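K.L.:
One structure coming up, written as structure tokens, with questions to follow.
Please treat every number below as a calculation from the coordinates, not as lab data. This is a predicted model, so every value here is computed, not measured. Counting neighbours? That spans all protein chains shown, and the Cβs are built from the backbone with ideal geometry, glycine included.
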Amino acid sequence: MSDRPAGDGPAGEPERLVHDGVSEVWRVGGTVRRPCRPFTATVQAYLRHVSSQGVDFVPEPFGYDDQGREVLSFVDGDVPDEPLPDGVWAGEVLVALARLIRRLHDAAQGWEPPADATWGSIPGQQDVVVAALFERAELVAHQDYCPGNVVFRAGLPAAFIDFDLARPTSRVADCVNAMYWWVPLVDPGDRRPAARDLDAGRRLRVFADAYAMSAAQRAAVVPVACQRVRNTAVTMAAAAAADPIFARWWAGGLRERTARAEQWITRQAPRLAAALDGPNCPACLVLRPI
Ligand SMILES: Nc1ncnc2c1ncn2[C@@H]1O[C@H](COP(=O)(O)OP(=O)(O)OP(=O)(O)O)[C@@H](O)[C@H]1O
Ligand SMILES: [Mg+2]
């Protein structure tokens, strides 16, 4: 888990919160300050909406400070850092994550973004064309459940932060983003030792059951996951060409890992799809499928 300050500095001075260093994020008392970007007002409107629907596991938006930075509530807990602790691969983590995402989706369903809504993306995407992961956007969702954006408490996912990539999407496409990171949907050779022998099919199934996916959603998971990793190869190459942080990740092995993830999921696709098909796991909370 990352080394997060227990509070602001002794004299109340701000403390820099660093994960991958994409954004300059500061903690000031019970708040965080993040740079204001073109999409910030849209994301704050979205956070206000889901909070009004009872979601208490996202930062509260407080507008802007006198330096023009956005102000959000600081969310208590631990944010996992690489190398990820072995405990994050427990089945309960996947169940808690899927249930939080289901609640976030249900709260966002029906929200109409403002007419001037602006959405974020990774760098270099303006000239990139990839296949869409859904026919029709169903709702606005997080879309970036990497470990640095999930806050844990008592060993379980308890909140989401960093909604910079939130945008209109489908429930399945958003779930597939979380599945990629947390099943995970990568070649076993690219996983930490504790995750190497995980049964990806079974874990997809645990997630789908905890989310209470419908049969149609389950059937869409593997095709969407295959397309997503193909898109990643294109979008991350463009991001690497446009931004030095992405260039460092890409040249530092992400390019090869993405290619291996694509080969792995293509080979595994029939087995993964079969694992998702069938009656709900009785141990999981049964929600009304969407
Ligand atoms: N509202 C918040 N509450 C608690 N911690 C936060 C909050 N926002 C950010 N952080 C901490 O700061 C780190 C970086 O913030 P954030 O994820 O918002 O930025 P980022 O653009 O992803 O930058 P990075 O690439 O550094 O992760 C997070 O991993 C987390 O530890
Ligand atoms: Mg982040």
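K.L.:
Give me the number: length gained by fully extending ASP66 to VAL130, i.e. 0.36 nm times residue separation minus the C-alpha to C-alpha distance, one decimal in nm.
P.N.:
19.1 nm
K.L.:
Please sort by residue number the trypsin sites (Lys or Arg not before Pro) in the stretch 61-158 whose DSSP state is loop and whose Cβ has at most 14 other Cβ atoms within 10 Å.
P.N.:
ARG136
K.L.:
Sticking with this one: Multiplying the sequence separation of GLN263 and TRP119 by 0.36 nm and subtracting their Cα-Cα distance, what value in nm do you get?
P.N.:
So the chain would gain 48.8 nm between GLN263 and TRP119.
K.L.:
Separate question: Kyte-Doolittle mean at least -0.5 and Cα extent at least 30 Å along the axis: which DSSP H helices of the chain qualify?
P.N.:
Flagged H segments are 215-242.
K.L.:
Between ALA233 and ASP76, what is the spin-label point distance in nm, taking each point 7 Å from the Cα along the Cα→C-beta axis?
P.N.:
The answer from the label model is 4.7 nm.
K.L.:
Putting +1 on Lys and Arg Cβ atoms and -1 on Asp and Glu Cβ atoms, find which of TYR46, ALA215, PRO114 reaches farthest to the positive end of the dipole of the chain.
P.N.:
Checking the options against the dipole of the chain, the answer is ALA215.
K.L.:
Distance between Cα centroids, the stretch 184-201 to the stretch 130-164: provide it in whole Å.
P.N.:
Each part's Cα centre sits 20 Å from the other's.
K.L.:
Give me the distance in nm between label points sitting 7 Å out from Cα along the Cα-to-Cβ direction at ASP190 and ASP20, one decimal.
P.N.:
1.3
K.L.:
Right, another one. Go through the stretch 69-74 residue by residue and turn each phi into a ³J(HN,Hα) via Karplus (6.51, -1.76, 1.60, θ = phi - 60°); whole Hz please, and just put x for glycine and proline.
P.N.:
7, 6, 10, 10, 5, 6
K.L.:
Looking at the chain, identify the longest residue range that excludes and avoids all GluC sites (Glu not before Pro) in DSSP loops having at most 15 other Cβ atoms within 10 Å.
P.N.:
Answer - 136-290.
K.L.:
Once R0 is set to 30 Å, what does the formula 1/(1 + (r/R0)^6) return for the Cβ-Cβ distance between ARG271 and ALA137, expressed as a FRET efficiency to the nearest 0.05?
P.N.:
Using R0 = 30 Å, I get an efficiency of 0.50.
K.L.:
Continuing with the same structure: Determine the relative contact order of the chain: mean sequence separation of Cα pairs under 8 Å and six or more apart, normalised by residue count, in whole percent.
P.N.:
On the way: 460 pairs, mean separation 51.7, N = 290.
Over the chain, the number comes to 18 percent.
K.L.:
Another question, if that's okay. Tell me the mean residue ellipticity at 222 nm calculated for the chain from its helices only (DSSP H runs of n ≥ 4, each -39500 (n - 2.57), averaged over every residue, nearest 500).
P.N.:
Computed mean residue ellipticity for the chain: -13000 deg cm²/dmol.
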